[in-house]
Each structure stands twice: as structure tokens, then as C-alpha cells.
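The values are calculated or read from the model by the stated rules, or taken from the named source; none is laboratory data. Please read these numbers as outputs of a predicted model, since none were measured by experiment. Reconstructed Cβ throughout: ideal geometry from the backbone, glycine too, with neighbour counts over all protein chains shown. Protein only, heavy atoms only, side chains kept; ligands, DNA and RNA dropped before computing areas. Shrake-Rupley method; radii C 1.70, N 1.55, O 1.52, S 1.80 Å.
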Amino acid sequence: TPDIMNKDKQTFADIWDPSIGSGQGKKEGEEIGEGEEVPLIRSDSTGDKIFLLKGNTMHWVKSPMVLEALGYTFGQEQTKTREELAQYEYGEPVDMANVEKFK
């Protein structure tokens, strides 16, 4: 269920990045200002998948290592409804082999 998946995601984030939960997510090496949007989204309808937005295209971030390589951490993503997610096109998944292309 979504509640269990969210709890598991938070537990993982607590283990690997204890700064999560402060509400002050940041991109590696810089502070994210108040109101500045991070290009990461997820939806309850897609489970724990996190997507990187580039324009009108969303790219599945395939692992926590890839998320870190992009300079982001768990907890920075915005949750969208299924309807909001439907407005985006699916693009190429992001993995360690192509992560530099998406930075």
C-alpha cells in the first residue's frame, strides 16, 4: 500500500541521509531557495519510482545511486496526482550509464 511504501522510503532515507525530514532538501553543493522547485516528481500511482523532469518529459531515475549522482536526495521530490503525471511524456530512463547526459 502507499502508506507502507512511503514508510519504507522514509526509513531508507533516514539510514542513508539523516538530514531528510528537515524540509530543507538541497542539491549537492548548493542550497535550494524557498519556493525553488526541484525537478523530481513521484506519484502514488507509480509506487516508489522517482522521475526527473526535463521540459515536458519525465525520466525514471532507476536507483538511489543515480539520484545521488544527479545531486539530489530522497525527500526532495514533489508528489503529483495520476492526472498531473499524465500530462508528461515518458522519456529515457536514467541509469549510471547515461547519468551525465541528464546533469
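Which value, in Å² and to the nearest 10, is the accessible area of Val99 when all protein chains are kept and the probe is 1.4 Å?
10 Å²
Just the accessible area for Glu68, please: 1.4 Å probe, Å², rounded to the nearest 10?
Counting only protein heavy atoms, the figure is 120 Å².
What residues qualify as long-range amide H neighbours of Ser43, i.e. H under 5 Å apart, gap of 5 or more or another chain, H built at 1.01 Å from N?
Amide H neighbours of Ser43: Lys80.
With each pseudo-label sitting 7 Å past Cα toward Cβ, what's the Thr1-Glu37 distance in nm, one decimal?
Rounded to a tenth, the inter-label distance reads 3.2 nm.
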